[in-house]
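A short worksheet on the structure shown next.
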Amino acid sequence: MSTQHTYSIQDLARQMGRNLRDVERLASRGVIPGRKIDGSWLFQANEIRDWIQSDFATYTPDELQALETSQCSTELDQDFPVSSLLKVETIEVPLQARTKRAVLERLVQLAGNTWQIWSPDEVLRAVIEREEAASTAFDGGIALPHPKNPMPDAIGESVIALGIAANGIPFGGGRSLTDLFFLILSRDNQTHLQILARLGRLFHCAGFLDQLRASETPEEAWQLIADTEKTLL
């Protein structure tokens, strides 16, 4: 999606790769957060981003591809949006944290290795506040922590950090423990959604998550992600 703060229903349908009538029906039922003003639907970008992420696990590979294609962030390498932002120095294997708070602190520290985090305390506070509002973990042992809003004034460039825990950590998102943590720090909603969609496509690749968990070094984890992205071209 673009960097604008609101979307019409036509924009939303096009950018999500969904039928206009389906989107209108979901909005009317209150499934998609939006409101009618003078008979026209209006959607807030940040609310839509949160809704998409909360419904993330239900997306099919085709729906994820449509979502990714609709974004085309100018900040990203379109072929390798994840491995181009994720650096070896922003990956930790095994993750040196045993609690939810410690996970978030460590991920922000890892992201800071890029020297693109201008206000780490502000970023950490925003990530914690987002988690307190609703966990970003979901079934399958994966969490995608991020601030509620993009933070262009706190980061120089969008960053992804990855922590792979040796053992599962209670992180919310149901009864399962979480051991894969992808921190997404983006400068705009468009970039965030394109990263999110590409991650979802990677998660659907056969054997990817098991191989990622078996990675013994940051270099091995990064190479697996880069190689798997190549298969999606």
**OP:** With respect to residue 167, determine if the residue is surrounded by fewer than 19 Cβ atoms within 10 Å (Cβ to Cβ), in the same structural domain as residue 102 (by TED's automatic domain parsing) and polar (S, T, N, Q).
**Re:** yes
Original post:
Do we have residue 67 as touching a helix residue (DSSP H, G or I) at 6+ places or on another chain (Cβ under 6 Å) and not assigned by TED's automatic domain parsing to the domain that holds residue 138 here?
Top reply: yes
Original post:
For the stretch 29-53, what are the residues that are basic (Lys, Arg) and more than 17 Å from residue 18 (Cβ to Cβ)?
Top reply: 35, 36
**OP:** Would you mind finding the one in 65, 15, 71 that is within 29 Å of residue 214 (Cα to Cα) and either among the charged types (D, E, K, R) or surrounded by 15 or more Cβ atoms within 10 Å (Cβ to Cβ) (or both)?
**Re:** 65
**OP:** Spot the failing condition for residue 175; the list is (1) assigned by TED's automatic domain parsing to the domain that holds residue 209; (2) within 27 Å of residue 229 (Cβ to Cβ); (3) modelled with pLDDT under 95, and only one is missed.
**Re:** (2)
Subject >> Qualifying residue in the stretch 120-136 (condition: assigned by TED's automatic domain parsing to the domain that holds residue 201, modelled with pLDDT under 95 and in contact with a Leu (Cβ under 9 Å, 6 or more places away or on another chain)) >> reply: yes
**OP:** For the stretch 116-163, name all the residues that are closer than 17 Å to residue 192 by Cα, acidic (Asp, Glu) and under 16 Å from the mean Cα position of the chain (by Cα).
**Re:** 131, 157
Original post:
Within the group 93, 88, which residue is under 20 Å from residue 226 (Cβ atoms) and loosely packed, with under 15 Cβ neighbours inside 10 Å?
Top reply: 88
Subject >> Close pairs (8 angstrom Cβ cut-off, 6 or more residues apart or separate chains): among the hydroxyl-bearing types (Ser, Thr, Tyr) in the stretch 92-112, buried (at least 20 other Cβ atoms within 10 Å of the Cβ) anywhere >> reply: 99/169
**OP:** Could you give me the residue pairs with C-beta distances under 8 Å whose first residue belongs to the stretch 52-68 and is at pLDDT below 85, whose second residue is among the hydroxyl-bearing types (Ser, Thr, Tyr) and crowded, with 16+ Cβ neighbours inside 10 Å wherever it lies, and which are 6+ apart or on separate chains?
**Re:** 53/136
Original post:
Listed residues 122, 157, 129; which is without any contact (Cβ under 8 Å) to a residue 24 or more places away in the chain and surrounded by fewer than 17 Cβ atoms within 10 Å (Cβ to Cβ)?
Top reply: 129
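The values are calculated or read from the model by the stated rules, or taken from the named source; none is laboratory data. Given the structure is predicted, the values throughout are model-derived calculations rather than measurements. Cβ coordinates were reconstructed from backbone atoms using ideal geometry, including for glycine residues, and neighbour counts include every protein chain displayed.
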